[in-house]
Amino acid sequence: MSPKNSFVIGRRKFIYLYNNLGIAPVDGGLEMDDYWVWGSSVIKGEDGQYHMYASRWPKYLKFHPGWMIASEIVHAVSDKPEGPYKFHEVALGARGAQYWDGRSCHNPKIVKYKDEFLLFYMGSTHPFEDVSEENADQLTLSSKWCIAGRWGKRVGVATSKSPYGPWKRFDHPIIDVKPNSYYSFLTSNPSPLIKEDGTVILLFKGRSYQEDELTHTDQFIGVATADTYHGPYTISEQPIFSKDKFGEVEDPHLWSDENGYHMIAKDMRGEIVNHHHGGILAHSKDGLHWELDKSPLAYTRNVTWSNGKIQQQGQLERPFVFVENGKPTHLFFATMDGKGGFSNGSKTWNMVIKLNDTIK
């Protein structure tokens, strides 16, 4: 491996991911007519197929905050990791306001342990009527649906013996809120890693109440551990990332190799990697204590497409590193067209960038 692709400090090896970004196939990933599509997670099944789990919600709703009250998690399949992926079924949909995840399921992360597929996700609910095409203009961040839907966000898991389901859902989330903590308002965006002995390290996003303004704070990234995937989980007393610690990030994704644990996440303010909504890389020996990589830039919003165009994406979020045979091979994103900002895009899809073969 050439020096530009990795470096070594002591016995630890780090990856210059940014230098290994390849071409994004124009027809790769997943796009669905009449739906906003967002955030994917991919696993290879024993059938040799690649199984993507992604969020979608109808386009008659505004992109933001439509996901908060009407997202469902769908399953799509391809015979190669870059796709294109073909919709197969709804994996987790609405199941009634009385359930903690009864109205919206979002931000899926799929892993396998022994003979079980584990689908981690964010769920939420609200006690009101559905938002339809007729009243969609009433859906705003200050509407009753979103006040309840945002407040109700929690992290949960569903299980199946097959990537095709059926999925067993549970009556309670695995990461709830805790008063007077950095996750007293909501928990979301799970990223799990199951060790060989079944123990779990899970990164998640939290927000706390800001009572003087009757709202929530900026985002925190916390880490939770458990002896088994269904918990109970022990959660770090302090966040591992925040505005005051390294910088505010979102959408953490966790993976490991022989050198330890790695995290990729979105730089919310652009203060860590000097690129607005660019990607950061961090590492840890134990999954609990984290440091930024020496060269923390993972990606920018500039994408090189297979048709030769180099384009700055309006949004580029939810990074997911696909690892096959112990090697990172593809980097998936949720993306949006337009000039940037959720209100300025006309379509979204899940895209993929092939990583150069020099990464080991």
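The values are calculated or read from the model by the stated rules, or taken from the named source; none is laboratory data. What you are looking at is a predicted structure, and each value in this text was computed from that prediction instead of being measured. Glycine gets a Cβ as well: all are built from the backbone with ideal geometry, and neighbour counts include every protein chain shown. In case anyone asks, the SASA skips ligands and DNA or RNA and just uses the protein heavy atoms, side chains included. Shrake-Rupley method; radii C 1.70, N 1.55, O 1.52, S 1.80 Å.
What the table below lists for this structure:
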read-out: Within segment 209-234, tally of residues that are in contact with a Phe, Trp or Tyr (Cβ under 7 Å, 6 or more places away or on another chain) and at pLDDT 95 or above; value: 7
read-out: Test set (1) touching a Phe, Trp or Tyr at 6+ places or on another chain (Cβ under 7 Å); (2) under 17 Å from Y121 (Cβ atoms); (3) of a type in the set (A, V, I, L, M) - I240 fails condition number; value: (2)
read-out: Test result for D251, more than 21 Å from the chain's Cα centre (by Cα), under 21 Å from Y121 (Cα atoms) and not hydrophobic (A, V, I, L, M, F, W, C); value: no
read-out: Search result, residues across segment 242-274 that are over 21 Å from P108 (Cα atoms) and buried (at least 18 other Cβ atoms within 10 Å of the Cβ); value: S242, F246, G247, E248, I272, V273
read-out: Test: residue in segment 166-179 that is in contact with a Leu (Cβ under 8 Å, 6 or more places away or on another chain), open to solvent by less than 80 Å² (accessible area, probe 1.4 Å) and part of a strand (DSSP E or B); value: yes
read-out: Which listed residue, of E89, E82, is touching a strand residue (DSSP E or B) at 6+ places or on another chain (Cβ under 6 Å) and farther than 19 Å from K161 by Cα; value: E82
read-out: Filtered residues of segment 41-91 (kept if outside any strand (DSSP E or B) and aliphatic (A, V, I, L, M)); value: L61, M68, I69, A70
read-out: Selection within segment 145-165 - outside any strand (DSSP E or B) and surrounded by fewer than 19 Cβ atoms within 10 Å (Cβ to Cβ); value: I147, A148, W151, K161, S162, Y164, G165
read-out: Filter result (touching a helix residue (DSSP H, G or I) at 6+ places or on another chain (Cβ under 8 Å), open to solvent by less than 30 Å² (accessible area, probe 1.4 Å), farther than 15 Å from T348 by Cα and not hydroxyl-bearing (S, T, Y)) within segment 52-105; value: M68, I69
read-out: Meets criteria (under 12 Å from L118 (Cβ atoms), open to solvent by 20 Å² or more (accessible area, probe 1.4 Å) and in a strand (DSSP E or B)) for L193; value: yes
read-out: Checking K347 against (1) closer than 19 Å to M263 by Cα; (2) touching an Asp or Glu at 6+ places or on another chain (Cβ under 6 Å), the condition it does not meet; value: (1)
read-out: Residue in segment 74-95 that is under 30 Å from E324 (Cα atoms) and of a type in the set (S, T, N, Q) present; value: yes
